[in-house]
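S.K.: Just passing along the structure, written as structure tokens.
Derivation of every value follows stated rules applied to the coordinates shown; laboratory data play no part. Model, not experiment: these values are computed from the prediction. Quick reminder, even Gly has a Cβ in these numbers, built from the backbone with ideal geometry, and neighbours come from all protein chains shown.
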Amino acid sequence: MAKEHRAQRVRARSRASRRRFTRLLHLLDCREGALKATFGEPDPVTLAMTKLDNLLMKDHHHIARYIVEFNEYATPTGYNDHALC
């Protein structure tokens, strides 16, 4: 009986901890979004480089979409044509 009661308390604390953690993550996301909206992206060049490195053309996408995204990400990097090829 005592083991069951202890296990219930542990599960209840675990659920409460998860709820607090979820609320904290939500709060941090909101603050990050507010900071970005107010001040802009803190490092747009690095973000563009990362997005350019991860850019993929999926089978169901049109080439125009890929070209637009490529140009959007390539412009802030300052890469020349040789570096982009």
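S.K.: 7 Å from Cα along Cα→Cβ at both ARG65 and ARG15: what's the point-to-point distance in nm?
M.R.: Roughly 4.2 nm, to one decimal.
S.K.: Need one number: convex hull volume per residue for segment 1-40, Cα atoms only, in Å³.
M.R.: Enclosed volume per residue, from the Cα hull, is 26 Å³.
S.K.: While we're on this one: To the nearest µm²/s, what D does Stokes-Einstein give for the chain at 37 °C and 0.692 mPa s, using the Kirkwood radius over alpha carbon pairs as Rh?
M.R.: The calculation lands on 191 µm²/s.
S.K.: Hey, got the dipole for the chain? About the Cα centre, +1 on K and R Cβ, -1 on D and E Cβ, debye to the nearest 20?
M.R.: 1440
S.K.: Going by how many other beta carbons lie within 10 Å of each one, how would you line up MET57, MET49, fewest first?
M.R.: Sorted ascending by nearby Cβ count, the order is MET57, MET49.
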